Amino acid sequence: MSNIATYVVVAVVAAIITIVANRPARIISLRVGYTAQPDARKVHERVTPYGGGAAMFIGFCLALLVAFAVPSLRTIITASHEMFGVLIAAAVIFVVGVIDDFREMSAPAKVAGQFLAASVLYLSGTTMYQLKLPFAGFVVLGPSILPLITALWVFALCNAVNLIDGLDGLAGGIVAIASGTLCVYGLRLEDLGLLPTTNIGPLISALTCGISLGFLRDNFYPAKLFMGDAGALMLGLLMSASTMVIGGRTPPASGQTFFFFAPLLIPVFILGVPLLDAVWAFVRRTASGQGFNTPDKNHIHHRLMRLGHGHRRTVIILWLWTALLCGFVLAPIFDAKVSVFIPLGVAVLVVGLVTWFSPLLSRRVGARADADADERVRR
């Protein structure tokens, strides 16, 4: 991947700009009252300013301008209206997130805002064209179904990132790892002739990785700055855009030669942790008769902390899981022989997760903690 250095530079520029923007974003957020207040369902114990979303949005925009100054990247940006659509959609979802941070939008209004941003992506052409499902074959998507699929994909990833944003540094680190992996994956497919060199996916991923890393400078525990819904929804939208134009445009050969699943399922692996958490949250809240947006403290990171892991250790564990899943994606595109071992690795990981987070284990851990507490009282 001879041009990867260019994308690394873009990511570094995005990170530096975001780091510089973090401080004024923090100061302004405190002055205008754009802050997260502690409550029973949140882990943090002090008033913390939002504004990380604004810093990342500024980093994305200015780093995109720097990319435009690079001839090879300017060709990619000007080859279509897609990047302009991504920029407008990011601005739309950012505004929706800011409003939600300030006044807690209703679920229908919030979903409507996400669908509006998805519509901007679709109208600019930033969407998937095709998909290949295991055992179902290769499917070319028609114009009648594309708007709905685009909206659902944006909705899924925006809410997945938003739900996992419960610990300092968690969402930013996971998105940084996932987007960096997607950038390498897209560039590798370009080298193999399976994606056109004008595909904007790797560039979006590089920018997303950079702003996420820059935000982590002030967000890792103990956090000085939160991204809020403005940042989480924007990162989800950027990830949905990059995954659609890479995974949804890869020809069938890539799914057979370099990965044992369909190309569009690769993002499911890369974002496996937040997507799994979102699915569990939906099942859990639906089964209990609650709405999907009803907050609780039963996410994956909450369960890890109840098992005795500290704040930083929980975040690092989830980062490592994300890195492992990303390794399952990258290894086969550099060595096709590795594909044989991936199903076994995924099976072991799934069994481990189910066992580790099963309600039975949680009850046993809780009962053991109660017994230890009773014993200490008796002593």
Boolean, residue 15 is touching a Gly at 6+ places or on another chain (Cβ under 7 Å) and within 22 Å of residue 210 (Cα to Cα):
yes
Can you confirm whether residue 178 is within 29 Å of residue 214 (Cα to Cα), in contact with an Asp or Glu (Cβ under 6 Å, 6 or more places away or on another chain) and part of a helix (DSSP H, G or I)?
no
In the range 175-186, is there at least one residue being farther than 16 Å from residue 270 by Cα and of a type outside the set (Lys, Arg)?
no
Has the range 207-226 got at least one residue that is of a type in the set (Gly, Ala, Ser), closer than 16 Å to residue 18 by Cα, surrounded by fewer than 24 Cβ atoms within 10 Å (Cβ to Cβ) and over 11 Å from the mean Cα position of the chain (by Cα)?
yes
Checking residue 158 against (1) touching a residue at least 60 places away in the same chain (Cβ under 8 Å); (2) part of a loop (DSSP other than H, G, I, E, B), the condition it does not meet:
(2)
Within the range 45-82, count every residue that is acidic (Asp, Glu) and modelled with pLDDT of 95 or more.
1
Out of (1) modelled with pLDDT under 75; (2) within 30 Å of residue 192 (Cβ to Cβ); (3) surrounded by 13 or more Cβ atoms within 10 Å (Cβ to Cβ); (4) of a type outside the set (Val, Ile, Thr), what's the single condition that is false for residue 42?
(2)
Please verify whether residue 164 is modelled with pLDDT of 90 or more and buried (at least 16 other Cβ atoms within 10 Å of the Cβ), treating the condition exactly as stated.
no
Residue 194 fails exactly one of the following numbered conditions: (1) in a loop (DSSP other than H, G, I, E, B); (2) modelled with pLDDT of 95 or more. What is the number of that condition?
(2)
Residues being in a loop (DSSP other than H, G, I, E, B), touching a helix residue (DSSP H, G or I) at 6+ places or on another chain (Cβ under 6 Å) and over 18 Å from residue 51 (Cβ atoms): count how many of those fall in the range 216-253.
2
Residue, modelled with the highest pLDDT, within the range 1-32, restricted to residues that are more than 22 Å from residue 93 (Cβ to Cβ) and among the small types (Gly, Ala, Ser):
5
Hey, any hits in the range 72-89 for a residue that's closer than 24 Å to residue 169 by Cα and over 22 Å from the mean Cα position of the chain (by Cα)?
no
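The values are calculated or read from the model by the stated rules, or taken from the named source; none is laboratory data. As the structure is a prediction and not an experimental result, all values here were calculated from the model. For neighbour counting, all protein chains shown are included, and Cβ atoms are generated from backbone atoms with ideal geometry for every residue, glycine included.
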